[in-house]
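Take a look at the structure set out below.
Please treat every number below as a calculation from the coordinates, not as lab data. Quantities reported herein were computed from a predicted structural model and do not represent experimental measurements. Please note: Cβ atoms are built from the backbone with ideal geometry, for glycine as well, and neighbour counts cover all protein chains shown.
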Amino acid sequence: MQNSVLILDFGSQYTQLIARRVRELNVYCEIYPFNKIPKDLSLYGALILSGSPHSVREKNSPRIDLNNLLSLFPTLAICYGAQLIAQELGGRVDESNIREYGRASLTIVNKNNLLFGGIADNTQVWMSHSDTIKELPKDSILLASTNDVDNVAYSINNRTFCLQFHPEVYHTKKGLNILQNFLIKICNLDQSWTPDSFVKKTIEDLRSKIGKDKVILGLSGGVDSSVAAILLHKAIGNNLHCIFVNNGLLRKNEYNNVLEQYNEMNLNIKGVDYSQKFYKELRGVFDPEMKRKIIGRLFIESFDNESNKIKNVKWLAQGTIYPDVIESISATGGPSATIKSHHNVGGLPDFMKLQVIEPLKLLFKDEVRRVGASLNIDKNILARHPFPGPGLAIRILGEIEENSVKMLQEVDDIFINGLKDEGLYDEVWQAGAILLPVKSVGVMGDERTYEKCIALRAVESTDGMTADWVNLPYKFLQDISNKIINRVKGVNRVVYDISSKPPATIEWE
Ligand code: XMP
């Protein structure tokens, strides 16, 4: 099936965005680092070359076997990709006099080309480059220019299309149309990659791969593990054994609610309460990274303990999604130079000799939600905010005590339900409350108080890599603050966190 797109990554910050846009057009694609091209290329019907933080003028900048690849596939080359083709095929790339960043207006020079079919002059495109193509390679045709840059788009033999701007970013107004022209009109690909087709094919694949074997899966209540569980359940029924570990650091009532919800969905699920073990081992621990390590280890121990009770298990299923996969094979080592050591629920301990199965490993988060909707999973599960594996442990700054967990659960519950009641929950990417390790003076009735301070945090984001605080209505903040202080004993002050990421992070620890 030559219906997939091969995207070669030269380290651009936008590479994932290219893949998402291609998938939005219901065309399947995969990203590979430029230096790890798959051996079997028979699946692909088109090639896209990404941008890069490098300059083609650097001696050791990323290179590929262009002649071979361009002969195999119709190609769309973006920014660095376009410069690389220009330079390697006899054109010339220089440092530009004017650095072009941000919006520019496109003049289409060649009106008959398929790539810009249906796109009018002066459409806004988004630039981000400091090199420029001074001379086009031989046999190329100029397709478009801007006021400042002559060679903004060119093609070779109506098969290789090169763009200096970024069609994948949302600020390129007709970017999706340009990608569509390339994929559908030029490459003749099918738009058949839909959530329904994914569900159908994945269930068939899971059935034939797993057969009558047993599979275990650590459910966290989050979107990814839930969708993975339902897919597996549809494929193999009760041979899927789900384990839900209560680490005592979940939201208020979450353990029971999640169990109930999954029981209603007929999942074969066992809830196990290890809270006291977690509290005990976290006693006296103040350091955030140490907390994460302890929680990660305890999770694996408890999960292992429970899974050993199920006989003849062959597989461990995980809710890994595509960004995790790309990051681990990325050309640049991924963007996540360990700022915090994220522990993902369900990690495979070395001593568990199980094969891993990851039904969502080719999907982006928004696609996981679309697949979940196609599986009729409750909207409350699909729209759930992300919640960190270590849970409230990294929202209680400093030492964790059972009492402080209870206190924070109450506060968090008021905040989250408040967002839901006011219709704000879906507008926020993630929200939560943080229990600060300070006390401050207050007055209640005629009494002086000396109690804990809570910070509220609500952010908007697409992937958690960058985030900004949400401008929640003052009236809402006012009401929530009143409710918290009046209802939760031990709290006399509430503040709202107005820092963006970067330079702050979403969590406080
Ligand atoms: P930060 O605080 O790094 O958070 O800006 C980005 C996103 O990651 C979540 N997060 C974690 N998730 N284990 C997880 O599974 C962790 O240790 C962890 N730390 C942060 C955070 O909630 C946000 O969604």
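Just a few scattered comments:
- Members of 293/406; 439/483; 234/379; 36/59; 252/379 lying beyond 27 Å, as alpha-carbon distances in this model show: none
- Cα-Cα P(r), segment 261-302, percent of pairs per 5 Å interval: 5, 19, 24, 15, 12, 12, 8, 4, 0
- For segment 126-202, a simple Cβ point-charge model (Lys and Arg +1, Asp and Glu -1, everything else neutral) yields a dipole of about 300 debye relative to the Cα centre.
- On full extension, the segment bounded by residue 148 and residue 401 gains 84.9 nm, given 0.36 nm per residue less the C-alpha separation.
- The amide H of residue 214, built 1.01 Å from its N in the peptide plane, has 314, 315 as neighbours under 5 Å, considering only residues 5 or more places off or on other chains.
- A Förster distance of 30 Å, applied to the separation of the beta-carbon atoms of residue 26 and residue 204, puts the FRET efficiency at 0.95.
- Rg/Rh, computed from the Cα trace of segment 385-497 with Rh as the Kirkwood radius, has the value 0.97.
- By the count of neighbouring beta-carbon atoms within 10 Å, fewest first, 165, 73 end up ordered 73, 165.
- Over 22 Å apart at the Cα level, from the set 270/311; 311/365; 280/314, are 311/365; 280/314.
- In Hz, Karplus ³J(HN,Hα) per residue of segment 74-79 (6.51, -1.76, 1.60; θ = phi - 60°; x = Gly, Pro): x, 10, 10, 10, 10, 6
- The modelled label-to-label distance for the pair residue 94/residue 304, using points 7 Å beyond Cα in the direction of Cβ, is 6.3 nm.
- Using the Cβ-Cβ distance between residue 280 and residue 354 with R0 = 35 Å, the FRET efficiency computed as 1/(1 + (r/R0)^6) comes to roughly 0.80.
- The simple Förster model, with R0 at 41 Å and r as the Cβ-Cβ distance, assigns residue 314 and residue 192 a FRET efficiency of 0.80.
- Size descriptors for the chain, from the alpha-carbon set: Rg then Dmax equal 26.0, 86 Å.
- Each label point was placed 7 Å from the Cα along the Cα-to-Cβ direction; for residue 417 and residue 238 their separation is 3.6 nm.
- Placed amide H near residue 91: partners under 5 Å, 5+ positions off or other chain: 138
- Extension gain for residue 499-residue 448 works out to 15.3 nm (0.36 nm per residue, less the C-alpha to C-alpha distance).
- Candidate aspartates and glutamates - alpha carbon under 17 Å from residue 291, same-chain residues fewer than 8 apart omitted: 281, 301, 399, 401, 402, 507, 509
- Each of 402, 367, 168 was scored by other Cβ atoms within 10 Å of its Cβ. Listed from fewest to most, they are 402, 367, 168.
- Full extension of the chain between residue 176 and residue 427 yields a length gain of 87.9 nm, computed as 0.36 nm times the residue separation minus the alpha carbon distance.
- Segment 358-401 shape via C-alpha gyration tensor axes, a/c threshold 1.5: prolate
- For q = 0.18, 0.20, 0.21 Å⁻¹, Debye-computed log10 I/I(0) when each Cα of segment 182-236 counts as one equal scatterer: -0.69, -0.77, -0.81
- Counting DSSP beta bridges with both ends in the chain, the antiparallel % (nearest 5): 45
- Note that segment 444-487, at 37 °C in a medium of 0.692 mPa s, gets a Stokes-Einstein diffusion coefficient of 252 µm²/s from its Kirkwood radius over C-alpha pairs.
- Bridgeable aspartates and glutamates around residue 134 (alpha carbons under 15 Å apart, same-chain partners fewer than 8 residues away excluded): 88, 94, 95, 100, 148, 150.
- Rough spin-label spacing in nm, given labels placed 7 Å along Cα→Cβ, for residue 185 and residue 380: 4.8
- Dipole moment magnitude, nearest 20 debye, segment 228-320 about Cα centre, only Lys, Arg, Asp, Glu C-beta charged: 160
- Value in Å of the Kirkwood radius, where segment 104-174 supplies the Cα pairs that are averaged: 12.3
- Toward the positive end of the charge dipole of the chain, with +1 on the Cβ of Lys and Arg and -1 on the Cβ of Asp and Glu, the farthest Cα among 377, 140, 491 is that of 377.
- Exposure proxy order (Cβ contacts within 10 Å, fewest to most) of 491, 285: 285, 491
- Residue 148 long-range amide H proximity, modeled H, under 5 Å: none
- About its Cα centre, the dipole of the chain is roughly 800 debye, where the only charges are +1 on Lys and Arg Cβ and -1 on Asp and Glu Cβ.
- Fraction of the pair-distance distribution of segment 29-140 above 26 Å, Cα-Cα pairs, percent: 25
- Among 263, 86, 392 the positive-end extreme of the charge dipole of the chain (Cβ point charges): 263
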